[in-house]
Structure formats: C-alpha cells, structure tokens
Amino acid sequence: MVQVVHDIGRIGRGSDADPRAANCTAGQLERCCTVLDSHPTTLAARWQRLRAAGLAWVTANAISTSMESTFSLFDVECTVTERHSVIDELCAIPEVVSILDSASNRDLLLKVQTANLAELGRKIVPMLTRIPGITKYEASICTRVHSEGHIWRLDALNRSQQAQLESLAAPITGPPYVLTASDEGMVKCLIRDGRASSTQIAREIGMHPTTVSRRLNRILASGVLSFRCELSQLDSAFPVSCQWFAVVPPGQHQQAAEILRSFRNLRLCASTTGTTNFTFVLWLRSVAEVMDVELAISERIPEIRFAESAVALAYPKRVGWLLDENGRATRGVVT
C-alpha cells in the first residue's frame with residue numbers, strides 16, 4: 001500500500017503538471033524522467049498499473065467560454081429503500097457530472113453542468129422529478145467558479161520538481177475557441193482518456209488523423225479544455241473530502257477565493273445563489289482537520305460565517321467517472 005500511495009503521489013502529480021505527457025517530445029520526456037528520477041519504461045509500467053486498477057486516470061473537462069453555461073448544485077433527499085436505485089439513475093445522466101453521498105442534512109449533493117439556465121429547467125429538473133425515490137430537491141446556481149480540481153496538488157513533489165514539470169506543459173497560445181457539435185467526438189475521447197493521441201482519436205471516431213491532429217492542436221492551444229489527473233481518493237494521502245457552505249460579504253468573495261487558493265488541496269471554490277453564497281471543497285488527511293481548516297480560514301477571513309460542513313461518505317460519480325465502493329475508476333465514464 002505504501003508503494004501504491006507513493007506512485008499515486010509522484011506519477012499522478014507528474015501527470016497533473018502535464019496530463020498529456022504521453023504526447024510530449026523526446027526532450028520533454030527525458031526532462032520529465034529526470035525530474036522524477038525514473039526511467040521512461042519504469043514510469044510507463046507504473047502508470048499502466050495505476051490506470052488498470054482504477055487508481056489514477058487522466059480526463060478532460062470543457063472550460064466554458066459562454067456566459068450562458070450553468071454550473072449548479074442540487075441537494076437531493078430520497079427514501080432509504082430506493083437510495084441505490086436513485087444513485088444509479090442519477091449516474092446515468094451526463095449533465096450530472098458528480099454525485100456526493102454525504103454526512104449532512106441532505107442525502108446526495110449533485111454537481112450539474114448545462115449549456116444554459118433554460119436547459120437546466122427544461123431538461124434536468126423534469127428528469128429529477130421522474131426518478132422514483134426522490135422526495136425533495138433544492139438547487140443553487142454557481143454565479144462564479146473561482147477554482148476547480150485541475151489546479152490542486154498533493155505535495156508529493158517539492159516546489160522545484162513541480163515548477164520543472166509545469167514548465168513542460170504546452171502554453172495556451174491560440175485564439176479563443178468555442179467547442180461545436182463537430183468537436184463532440186474528440187472531446188468524448190479525451191474525457192475517456194485525456195492522454196489519447198491524434199491517431200487513437202482518429203481511429204475511434206473514424207476521421208483522418210491529419211484532420212484530427214489539426215483540430216486537436218487548435219483546441220488545445222486555445223485552453224478551452226482543462227486536463228486533470230484524477231486519483232482514487234481513499235488510496236491517497238488525503239482520504240477525506242469535505243465541502244463547506246458559508247456566507248461571505250459580496251465584496252469579499254474574490255479575496256476569500258485568493259486565500260483559499262493557498263490551500264493546495266483545494267478542489268472547488270465557487271460563489272452561489274441560495275441561503276449561503278460561498279462554497280468550497282478540500283481534500284483532507286483526516287476528519288480532525290475540518291476544525292483546523294475552519295479556524296485557519298476564520299483567522300484570515302473574519303467576516304466569513306460557516307453555515308454547514310458536509311463530509312463525503314462516498315463519491316459514486318466524479319467528473320463523469322463512475323467510481324466503485326473503494327473510489328476507484330473501474331466502472332467507466334458517462335459522456
């Protein structure tokens with residue numbers, strides 16, 4: 001287990017610095033191996049072992065460039081007897097990107113991504129009302145997402161190693177790009193495997209490799225897709241996930257977000273509508289750190305008022321990926 005955690009930390013964090021490292025140049029690969037003090041063959045074998053076991057995986061996530069795109073949170077209550085069937089039906093909905101089974105006032109917390117607010121009301125809400133076993137739901141809309149999971153770190157590498165690996169990542173140099181329906185096939189391939197090459201994508205979607213390469217380079221250069229190395233949380237050094245709901249004075253949201261970015265295990269930070277207006281998620285080493293976090297943040301943001309903290313009991317779905325009872329990606333992905 002110690003070696004598994006070590007591999008997840010070092011190789012996973014190396015992948016996070018440049019998740020598409022499988023497609024780097026020979027020189028970049030050599031520098032990456034030098035930083036991690038490993039041979040390419042050894043790194044590749046360790047990565048394949050982690051990926052096959054569902055311990056680590058690289059996935060893509062579209063960063064919306066549209067002001068209409070809507071990210072929302074749903075508190076869901078359901079009957080005890082139909083809880084599992086409710087989760088299964090929710091997992092099958094692509095727009096429900098993450099599902100948290102929490103120790104809190106709600107049974108489930110959903111993270112929902114839709115093209116616009118109308119789609120949320122016209123498509124997702126009716127789907128929820130038709131699922132047997134759901135007895136109540138409440139929604140809040142994210143008015144601004146300050147930080148997401150692709151920026152977090154496990155501190156398995158020192159700052160020098162992180163800086164060296166991050167310098168290998170391809171810069172965002174292209175013009176803005178808006179994903180269209182014709183890009184859907186490529187994007188779905190990258191969600192399933194963020195390290196997929198142009199040749200692999202071309203074979204899967206039936207398009208000429210040159211065409212795929214040209215379009216993929218344009219998409220990657222624009223920064224419209226973010227790539228992240230996701231990990232089996234229970235097998236990492238941070239097995240506890242906690243989400244806080246708080247009230248912050250409107251004029252201090254940006255300052256609060258900047259302070260929270262100093263927590264390298266930050267997974268999400270957003271401003272929201274509803275009875276609270278600010279939420280964030282941290283991965284922790286133990287439940288005992290919940291109080292430590294609240295004290296540390298209260299010292300730096302005196303005006304914050306914590307309304308609730310919700311510790312995750314399970315994550316049936318995370319950023320589209322279906323996770324087993326051990327939090328490993330062994331059940332596929334919903335796109």
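For the range 69-75, putting each phi into the Karplus relation 6.51 cos²θ - 1.76 cosθ + 1.60 with θ = phi - 60° gives couplings of 4, 10, 10, 9, 10, 10, 8 Hz, in residue order, rounded to whole numbers and with x for Gly and Pro.
Computed from phi, the 3J(HN,Hα) profile of the range 192-202 under the Karplus parametrisation 6.51, -1.76, 1.60 (θ = phi - 60°) reads 6, 8, x, 9, 4, 7, 4, 5, 4, 5, 4 Hz, with x in place of Gly and Pro.
Net charge around Ala312, counting only other residues with Cβ within less than 11 Å of its Cβ (Lys, Arg = +1; Asp, Glu = -1)? It would help to have the intermediate numbers written out before the result.
Working: positive: Arg267, Arg318; negative: Asp101.
Here the charged neighbours net out to +1.
For the chain, the longest principal axis of the C-alpha atoms and the axis of helix 289-300 are separated by about 80°.
The range 35-111 and the range 292-335 have Cα centres lying 10 Å from one another.
Return the label of the correct value of semi-axes √(5λ) of the Cα gyration tensor in Å, as calculated from the structure shown, out of (i) 50, 22, 22; (ii) 46, 28, 16; (iii) 31, 25, 21. So the structure-derived entry is (iii).
For the set Val212, Val247, solvent exposure ranked by accessible area (probe 1.4 Å, protein chains only) runs largest to smallest as Val247, Val212. Take 35-42, 90-97 and order them by the average number of nearby Cβ atoms within 10 Å per residue, most first; the result is 90-97, 35-42.
Could you tell me how many degrees, from 0 to 90 and to the nearest 10, lie between the Cα long axis of helix 26-36 and the main elongation axis, the longest principal axis, of the Cα atoms of the chain? Roughly 60 degrees, rounded to the nearest 10. Remark on Ser241: its backbone amide H falls under 5 Å from those of Leu284, Ala312, a criterion applied only to residues 5 or more positions apart or on other chains, H modelled at 1.01 Å from N.
The values are calculated or read from the model by the stated rules, or taken from the named source; none is laboratory data. Because the structure is a prediction, the values reported are computed rather than measured. We place every Cβ from the backbone using ideal geometry, glycine too, and count neighbours over all the protein chains shown. The protein model used for the area step is the full one, side chains on, heavy atoms only, and it has no ligands, DNA or RNA in it. Shrake-Rupley method; radii C 1.70, N 1.55, O 1.52, S 1.80 Å.
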